[in-house]
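All of the numbers you see were taken from the coordinates with simple rules; none came from a lab. Being a predicted model, the structure only gives us computed values, none of them experimental. So basically every Cβ, Gly included, is an ideal-geometry build from the backbone, and we count neighbours across all protein chains shown.
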Number of protein chains: 4
Amino acid sequence: MSLGVWLVGGRGSVAVTSIVGALALRAGLAAPTGCVTELPGLRSPALPGFGDLVFGGHDPSTVPLTKKAEALAAAGVLPASLLAAVQSDLAAVDADIRPLPEAATQSATAGLIVADLVEFRERHGLDRVVVVNVASTEAVPDGHRAHHDLALLEAALREPEPVLPSSALHAYAAFLAGCPFIDFTPSTGARLPALDELARRQGLPYGGRDGKTGETLLKSVLAPMFAQRNLDVRTWSGINLLGGGDGANLADPAANNAKTTSKQRVLGETLGQEPQGTVRIEYVEDIGNFKTAWDLITFAGFLGTRMRLEFTWHGCDSALAAPLVLDLARLTGAAHAAGRSGALTELAFFFKDPPGDVSHSLADQFRVLTEFVAALDQAQP
Amino acid sequence: MSLGVWLVGGRGSVAVTSIVGALALRAGLAAPTGCVTELPGLRSPALPGFGDLVFGGHDPSTVPLTKKAEALAAAGVLPASLLAAVQSDLAAVDADIRPLPEAATQSATAGLIVADLVEFRERHGLDRVVVVNVASTEAVPDGHRAHHDLALLEAALREPEPVLPSSALHAYAAFLAGCPFIDFTPSTGARLPALDELARRQGLPYGGRDGKTGETLLKSVLAPMFAQRNLDVRTWSGINLLGGGDGANLADPAANNAKTTSKQRVLGETLGQEPQGTVRIEYVEDIGNFKTAWDLITFAGFLGTRMRLEFTWHGCDSALAAPLVLDLARLTGAAHAAGRSGALTELAFFFKDPPGDVSHSLADQFRVLTEFVAALDQAQP
Amino acid sequence: MSLGVWLVGGRGSVAVTSIVGALALRAGLAAPTGCVTELPGLRSPALPGFGDLVFGGHDPSTVPLTKKAEALAAAGVLPASLLAAVQSDLAAVDADIRPLPEAATQSATAGLIVADLVEFRERHGLDRVVVVNVASTEAVPDGHRAHHDLALLEAALREPEPVLPSSALHAYAAFLAGCPFIDFTPSTGARLPALDELARRQGLPYGGRDGKTGETLLKSVLAPMFAQRNLDVRTWSGINLLGGGDGANLADPAANNAKTTSKQRVLGETLGQEPQGTVRIEYVEDIGNFKTAWDLITFAGFLGTRMRLEFTWHGCDSALAAPLVLDLARLTGAAHAAGRSGALTELAFFFKDPPGDVSHSLADQFRVLTEFVAALDQAQP
Amino acid sequence: MSLGVWLVGGRGSVAVTSIVGALALRAGLAAPTGCVTELPGLRSPALPGFGDLVFGGHDPSTVPLTKKAEALAAAGVLPASLLAAVQSDLAAVDADIRPLPEAATQSATAGLIVADLVEFRERHGLDRVVVVNVASTEAVPDGHRAHHDLALLEAALREPEPVLPSSALHAYAAFLAGCPFIDFTPSTGARLPALDELARRQGLPYGGRDGKTGETLLKSVLAPMFAQRNLDVRTWSGINLLGGGDGANLADPAANNAKTTSKQRVLGETLGQEPQGTVRIEYVEDIGNFKTAWDLITFAGFLGTRMRLEFTWHGCDSALAAPLVLDLARLTGAAHAAGRSGALTELAFFFKDPPGDVSHSLADQFRVLTEFVAALDQAQP
Ligand SMILES: NC(=O)c1ccc[n+]([C@@H]2O[C@H](COP(=O)([O-])OP(=O)(O)OC[C@H]3O[C@@H](n4cnc5c(N)ncnc54)[C@H](O)[C@@H]3O)[C@@H](O)[C@H]2O)c1
Ligand SMILES: NC(=O)c1ccc[n+]([C@@H]2O[C@H](COP(=O)([O-])OP(=O)(O)OC[C@H]3O[C@@H](n4cnc5c(N)ncnc54)[C@H](O)[C@@H]3O)[C@@H](O)[C@H]2O)c1
Ligand SMILES: NC(=O)c1ccc[n+]([C@@H]2O[C@H](COP(=O)([O-])OP(=O)(O)OC[C@H]3O[C@@H](n4cnc5c(N)ncnc54)[C@H](O)[C@@H]3O)[C@@H](O)[C@H]2O)c1
Ligand SMILES: NC(=O)c1ccc[n+]([C@@H]2O[C@H](COP(=O)([O-])OP(=O)(O)OC[C@H]3O[C@@H](n4cnc5c(N)ncnc54)[C@H](O)[C@@H]3O)[C@@H](O)[C@H]2O)c1
Ligand code: NA
Ligand code: NA
């Protein structure tokens, strides 16, 4: 199965790390470390291979992919040696990362996006294209009644006043073009009733929201541990220090707020109560892509005795995200091939803020994911 | 169901915290924080209530329970206010913590232990007695061929030369007396083929080994997280700083070795390879019962990028252990009532070094435990 | 020399810990751990003894000192055993902690404060009284031209509209009453040109600002270390998690801002440049008086190699502050006796935000303090 | 002043980082970050410039310097870009790193070392040569009476049985050749009465021992902080995880012991008592040159309240050491030029285990160093 992977934000750190990585995997130059779909229990012929992936995308930036990749290598995100080896393959992708279309109405803009998607699919003769949003995090948008009804939305999109945030417009266009949509960011994406209606009408699956790659990943195993030991978590405070494009963007309080909200869910839902404390994101330019997260958890045990856990996570954000982007593209492509439509709740393993009333325990989510792949496997002809 | 809880090491920190806690719970003076068997999914009428527990034990120490409890209160392990309230109940238990019997042969000593157990069961009119080992950690014993065969063992025990370490002799006597046995320590306990033979012959369940309350508990959720994300854990080094009686005992290299070996299993079995690094235990008298464990984990992600996690756990060892001792007594009592015999592999959730070929993921272990309780529940008349 | 110690905020945590501690030291029940003036190089007959200290103060709260002390004992700040021993001495101080006077104009209020101070000094037959501000941190006040000129200030104080924040009014009244003034908080205190004028006119010394007891104390030794090794500190980010009265007050952004500004000075002045990053204070009620501060410092070394230091400080704020309050009272009393007036720049060792162009290296500050005490010593008759 | 820098262990990580760095500084390709002698208060015309340094040395290894430098670049110790620029200069140094001479007696070996030193000095027309030991740490040697007397030593060296560890033989030969000697390692070096006698007879200065670049550096500012605040440090435990050549060597218990002993001095001498706890070094091959040190300090404050500090230091050992090697060569060269002989106690700032009864506070040591440079400055013609 040849699979297009259309990256909204295709010139960003996560996107470029994903593309370089896929090229390296295809060339047999790297091991698939960090790729969940390569684990023994999840590997499946139902999933397209790394060699079947073809990349394209949208991005307002004009920085060439090779230049961005060099910057990532200088920052220690990509190995310099690898870069040289995939240089020409990477340059070849450049033409498929298109500028962001703009038109007088959002309806017209969506039309241009659809045209780009269709042209990409046809030119490369792809079986299908999965759209993955890895663009900068947006501010939480104001509500709008057109968000709740597809007919209203279609009318509103024809007005000059924009009604959808960029991420949702990309989801809308993806669905019109017959493409599944994954939101790797905390932005709105497909997460509006009107878009869910559209996805189901078109018979398309979608998933999201906000890749789980650091502090929240740890919360998804530590919070269940405290819960299963009947320990009383009193406070959970965290701070994330990061630079890079994502960090700079999150220095904007509105985007920051979208992110920290999505990082909070796991605690309340796992512990059955919200411990005191907050999670903060602080932009420190010099720290770059290697985020440092520090969390302090205080808890009471038997007879009220107070105890503490603290951890420091020093992770390379793009290196943690990229293999999951590849996993999600493969899984969503296979789900589409298997005829799935609507929200893919089985992908909760990957996200901070998954749709539906799902478990926030990573272990539960891993089991669900394993069963999901087994089912795709059996649905194979 | 009235249940005797016979604590080998009944005057130690874990034992006294368990007894004080049970008295406080019975009197409604404390919440069962830390007691796993009080979680919604595990609470069951099949389990004896806290009010049904009657405590006894063996210990060479002659320090009165009330005096030990005061020391624990001064160290912040027990709330001083609570102590006053259970003072007289606690004093009443004192007479049931007996000195360690000694005779010319281990066979004769076992006979005296059996006599103590039977006398305790009859005097209190108990349905059954579970023996729980919370005595000081022993050195790893030399092997002996009598360990592998019950008939050989019985013969050897009648010789003047001791053949079993103390913990195993207690397990042997417990089985003779018709009592299930739990080893909360890394000592030998019931973990010898000859004793397994005896337990099964007597129709008795047993469980262990080494309560999982700190660094290893964290490993049992963090190692699966790395594995499920296909991240390549390269090194895992840890150091535990602790004082208290347990710490002093572990300053002895032989005991220390028993402990650190039991702390290592989870990594190799979960990650499929042994990362570099070791785990150390260091006795620092002044630190007392509030252990500090620090671990550094380094791992490689996508395209080999290096990342790190470090954590500091500041836990009160006895407060973490005591509720689990109560849980184990209740669960094992119920298993005995339900006719279970042999190794209780379903209790792996509680131990660093469980018997059998079980998962070392806490989440898996919790599921198994939940199913175990559900089965006990259904076995109820 | 009998010395009155008048505590503005006399019913707060720092105040009560200081009073209980002084009573315990006088009674020989505790060692002077944390008291700098008891170090070999600083002990001096020029300083009043702990037994010479008599406590009074102002506080709007009406909670009895003994009740506040019990709360501090329950929180682990004071040892419960000690409390019982000083109970009656402490109750005797209660009457000398007066309600906050209020009148139609600030001039009149100052008059009432002066009356309280004079009455206290005379009733106890004290040689002198040092006023120490340990009240809740105030918001940074708006500027006012009367702050710059004593004559203008005296006129403005007679108007109905308040012109001074509470801390500065206390400093003003202290000076009128002939009392030296120390500001242990980041509030305005005596730090206005008009008040400096008054202090010098009255021949009175004053000192401050903001006791240095945690993160900033560490900065005052770590920043010089980096500077002296010619290492290039790139980022320095910190977060302070604390509960307690001080924490609750600092949850107010205005007070918080006063505090974080005073915490920043040391870096810029020691490193010769401001590293990236900020310092944050977060109120987490459940954490209480045992603050946790975490700092991450990233730095570049030889040939640009990047390195990191992180630390976690888990300190009991009031226990760190109280001995310094006693030190400051003794030192300032002696300075007054020796005829010093104006800003006591030699006390920079104690403060986050000291007056004058002083070194921010703790080691330099300690040397200056040692010389200061030696000079007081020689000034003795 | 042209200055030879003769590195014992000239093909090791510290040596090669020092050489590459000096070449880069000479070429204006890097800033002298980490070089103490470039600080405003220490820069002096009395010191030879970076451009005046000429490198040579001894090492049993035959790995070319350029190859070693590539390995250091791959490990992130040296910037790859820099390497290319100094490649040919570095290759030119290679011939001056000589194999370790060996002869029938240590006296004869010393003669060969002297010959190498003299030949190096003459061929390059150097004013003087400073020998710096950066070879692998040795085991603590057995004592020998010849160590205490120069005449005895000279006789013993002529016997077939070796009497000096390698580092001390190098010091002996350096002194014979008229070269000052610096020991950057915890080995014996010049630290024997017989060698001190020789150095003074020859009018040569020497210094050491064991460069202070990580955990001990932090101790030298934190221990004085606790002391100056009269806080009662109860326990200080540390663990150092490192790989690299130095780490592998320290995995040998004897070498490890030499190191940990030298790391302990600062605490006892600064705090006036030895806190409980130990310092450990653990070899973890995969961690490489970027050592991680973790320390836990527990202390009691006012009225006995317990508090804690913990820190994690993540430093690149060679990058921290190399600029100090250059500093030491410059300072010792200048001291020699100024006619200094015997132990240079003023260099305590650089060492874990300095000679003489000196302060272990970094701040004091920095002051002494500043005065030392000022004196060299004034001694200039
Ligand atoms: N571990 C992780 O890296 C991680 C985890 C969870 C979520 N995310 C999210 O992934 C996203 C990408 O992160 P990154 O580090 O690559 O950020 P980045 O700043 O490097 O890249 C974002 C890219 O999006 C482009 N862009 C901006 N607005 C756009 C728009 N309207 N349409 C299309 N492209 C647009 C930018 O030009 C840029 O190239 C962020 O939203 C981040 O929050 C990342
Ligand atoms: N979190 C935890 O506390 C934890 C976790 C896992 C395992 N454990 C194990 O639990 C055990 C008890 O820990 P503790 O902190 O209470 O130690 P402790 O030193 O306070 O108590 C041990 C008691 O055992 C008694 N004892 C010694 N030898 C005995 C023997 N042969 N027979 C009977 N009693 C004997 C001692 O007199 C003492 O009273 C230790 O082996 C420890 O390793 C504790
Ligand atoms: N380590 C430390 O504890 C430390 C360090 C530096 C500065 N400080 C400062 O010391 C002060 C006291 O801290 P705390 O923990 O005792 O706080 P707290 O909240 O326990 O006590 C403050 C007291 O001030 C009283 N108060 C409020 N407004 C007043 C006014 N206008 N006049 C007189 N009294 C007033 C309150 O009623 C309260 O009793 C705070 O400003 C804090 O920022 C403390
Ligand atoms: N921050 C630091 O790096 C630091 C701080 C203090 C002390 N030190 C000490 O500096 C020394 C060098 O550290 P490194 O990281 O460069 O180690 P390394 O293992 O990379 O280099 C040591 C070199 O010494 C050579 N050598 C071994 N025995 C020798 C001998 N007898 N004569 C001459 N050369 C010999 C080896 O072949 C090797 O090339 C070690 O002793 C280390 O403990 C380093
Ligand atoms: Na940490
Ligand atoms: Na830490």
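In chain D, the DSSP-assigned H stretches of four residues or longer account for a calculated mean residue ellipticity at 222 nm of -14000 deg cm²/dmol, using -39500 (n - 2.57) per stretch and the full residue count as denominator.
The rotation axis taking chain B to chain A passes closest to the C-beta of one chain B residue; that residue and the distance in whole Å read B:ALA363, 1.
In terms of other Cβ atoms within 10 Å, D:SER61, B:SER13, B:SER318 run from fewest to most in the order D:SER61, B:SER13, B:SER318. With respect to chain C, whose longest principal axis is taken over its alpha-carbon atoms, helix C:215-228 is tilted by about 40°. Panel note: the C-alpha atoms of region B:100-217, placed on their principal axes, show extents of 41, 39, 26 Å (largest first). The same position A:LEU29 in the other copies lies at 2.5, 7.0, 7.4 nm from this copy, comparing label points 7 Å beyond Cα toward the beta-carbon, shortest first.
In whole Å, what is the distance between the alpha-carbon centres of region C:199-233 and region A:1-20? Cα centroid of region C:199-233 versus Cα centroid of region A:1-20: 51 Å apart. When the pairs A:LYS212/C:LYS219; B:LYS291/C:LYS68; A:LYS291/D:LYS291; D:LYS68/D:LYS219 are compared against a 25 Å limit on Cα-Cα distance, A:LYS212/C:LYS219; B:LYS291/C:LYS68; D:LYS68/D:LYS219 fall above it. Binning the C-alpha pair distances of region D:215-316 at 10 Å intervals from 0 yields a P(r) profile of 15, 46, 27, 11, 1 %, listed from the shortest bin outward. Amide H contacts for A:VAL129 (H built 1.01 Å from N in the peptide plane; partners 5 or more residues away or on another chain; cut-off under 5 Å): A:GLY4. So what's the angle, to the nearest 10 degrees on a 0 to 90 scale, between helix D:80-94 and the longest Cα principal axis of chain D? On a 0 to 90 degree scale, this one is about 40. Counting every other Cβ atom within 10 Å of each residue's Cβ, C:HIS314, B:HIS170, A:HIS144 order from fewest to most as A:HIS144, C:HIS314, B:HIS170.
Based on alpha carbons, the Rg and Dmax found for region D:110-163 are 14.8, 39 Å. Normalising the Debye intensity of region C:303-381 to I(0), with uniform scatterers on Cα atoms only, and taking log10 at q = 0.13 Å⁻¹ returns -0.53. When D:ASN257 is represented by a point 7 angstrom out along its Cα-to-C-beta vector, the spacings to that point in the other copies are 1.9, 6.2, 6.5 nm, nearest first. Inter-copy label distances for B:LEU152: 5.9, 8.1, 9.9 nm (label point placed 7 Å from Cα along Cα→Cβ; shortest first).
By the count of other C-beta atoms within 10 Å, a proxy for reagent exposure, B:ARG201, A:ARG340, C:ARG330 are ordered fewest to most as B:ARG201, A:ARG340, C:ARG330. Here the relative contact order of chain A, from alpha carbon pairs under 8 Å that lie six or more residues apart, stands at 20 percent.
Charge tally around A:LEU65: other residues with Cβ under 15 Å, Lys/Arg +1 each, Asp/Glu -1 each, net -1.
To the nearest 10 degrees, how steeply does helix D:253-271 sit against the main Cα axis of chain D, on a 0 to 90 scale? Once rounded, one gets 60 degrees. Taken one residue at a time, the phi angles of region C:273-286 give Karplus couplings (6.51, -1.76, 1.60, θ = phi - 60°) of 6, 8, x, 5, x, 9, 10, 10, 10, 10, 7, 10, 3, 5 Hz. Gly and Pro are set to x. Magnitude of the charge dipole for chain A, about its Cα centre and with charges confined to Cβ atoms of Lys, Arg (+1) and Asp, Glu (-1), is about 660 debye. So how strong a dipole does region D:182-327 carry about its Cα centre when Lys and Arg Cβ are +1 and Asp and Glu Cβ are -1, to the nearest 20 debye? About 480 debye. Amide H contacts under 5 Å for D:GLY57: D:LEU7, D:ILE97, D:ARG98, restricted to partners 5 or more places along the chain or on a different chain, H placed in the peptide plane at 1.01 Å from N. Pairs of Cα atoms in region D:33-187 fall into 5 Å distance bins, from 0 up to the last occupied one, in shares of 2, 7, 14, 17, 19, 16, 12, 8, 4, 2, 0 percent.
Rg then Dmax, both in Å and based on the Cα atoms of region A:152-277: 17.9, 56.
Please give me the summed charge of the neighbours of B:ASP377: other residues whose Cβ is under 12 Å from its Cβ, Lys and Arg +1, Asp and Glu -1. Mind showing how you got there, number by number?
Working: positive: B:ARG43; negative: B:GLU371.
Combined, the nearby Lys, Arg, Asp and Glu give 0.
Residue-normalised convex hull volume from the C-alpha trace of the protein assembly as shown: 219 Å³ per residue. Per-residue 3J(HN,Hα) values for region D:311-325, derived from phi via the Karplus relation 6.51 cos²θ - 1.76 cosθ + 1.60 with θ = phi - 60°, read 9, 10, 10, 10, x, 8, 3, 5, 5, 7, 7, 4, x, 6, 4 Hz in sequence order (x marks Gly and Pro).
With the convex hull constructed from alpha-carbon coordinates only, region D:64-145 shows a mean projected area of 8.3 nm² over all directions. In order along region C:7-24, phi translates into HN-Hα couplings of 9, 6, x, x, 10, x, 5, 5, 4, 5, 5, 5, 5, 4, x, 5, 5, 5 Hz, rounded to whole numbers, per the Karplus curve 6.51 cos²θ - 1.76 cosθ + 1.60 with θ = phi - 60° and x for Gly and Pro. Computed over neighbours whose Cβ is under 13 Å from that of B:PRO101, the net charge equals -3, Lys and Arg +1, Asp and Glu -1. For chain D, the equivalent ellipsoid derived from the alpha-carbon gyration tensor has semi-axes of 32, 24, 22 Å in decreasing order. With Cα atoms defining each centre, region D:282-304 and region D:324-381 are spaced 29 Å apart in the structure.
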